[in-house]
Amino acid sequence: MVEGPPTVSAERALLADARLALAVLNQARYPVFGRVFGVSRDQVNILTFVLALSAAGATLEAFERFIRHPWPLDGPDTAIMACVVREAGFGIAGPEVRKAHLFGTLIAVAAVGSLTLPVLHRVRLTAQRIGQQRKRIYGAAVERIKAEQRRPTAV
């Protein structure tokens, strides 16, 4: 038997975090839909289904229009635009950056990270608050059970 603290694999931690995020979003859905649409808690699931179908239909229509519509830039125009954006990045970062490899990849990762990091930070803080609340509730329940067990029973 292995002794020491239990370890959690990265896959299990990711699944637990995803479940927690979905649970938070699900619980947030009730008051938001109640305020925005004025529906009761019992009607939120039906409204969610209707809104999801509407969004799916609109997304499908937009995707079909995008596929049928010709791309506004042809190959040479796209290449010229990529070079202009690249040179603008070099101009902002300075002349030494031209020697660095994968500068464009670094900028793309930074752009995506700047958009996702605040969201992940809020999710982490929410998960911590929920964990603390669960510990308080569980601790109160354990204390209540211990108090009931200490109480002498009348025979």
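The values are calculated or read from the model by the stated rules, or taken from the named source; none is laboratory data. Since this is a predicted model, take the numbers as computed values, not measurements. Because the Cβ atoms are built from the backbone with ideal geometry, glycine has one as well, and the counts that use them run over all protein chains shown.
Name the residue that is farthest from Y30 (Cα to Cα), counting only residues in the range 41-70 that are modelled with pLDDT of 80 or more and either acidic (D, E) or in contact with a Ser or Thr (Cβ under 6 Å, 6 or more places away or on another chain) (or both).
E61
So that you can scan it fast, the table gives a plain yes or no per residue for (1) of a type in the set (A, V, I, L, M, F, W, C); (2) under 23 Å from V32 (Cα atoms):
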| site | (1), (2) |
| --- | --- |
| A79 | yes, no |
| A93 | yes, no |
| F103 | yes, no |
| S114 | no, no |
| R122 | no, yes |
| P152 | no, no |
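Please identify the pairs in which a residue from the range 128-150 that is part of a helix (DSSP H, G or I) and of a type in the set (V, I, T) has its Cβ atom under 9 Å from the Cβ atom of a residue that is surrounded by 10 or more Cβ atoms within 10 Å (Cβ to Cβ) and modelled with pLDDT of 85 or more, counting only partners at least 6 apart or on another chain.
Listed by first residue and then by second, the contacts come to I130/L20; I130/A23; I130/V24.
Could you say which residue among L125, L73, L120 is surrounded by 10 or more Cβ atoms within 10 Å (Cβ to Cβ) and at pLDDT below 80?
Exactly one of L125, L73, L120 is surrounded by 10 or more Cβ atoms within 10 Å (Cβ to Cβ) and at pLDDT below 80, namely L73.
Of A82, A52, which residue is over 27 Å from D17 (Cα atoms) and either among the hydrophobic types (A, V, I, L, M, F, W, C) or loosely packed, with under 10 Cβ neighbours inside 10 Å (or both)?
Every option except A82 fails the conditions.
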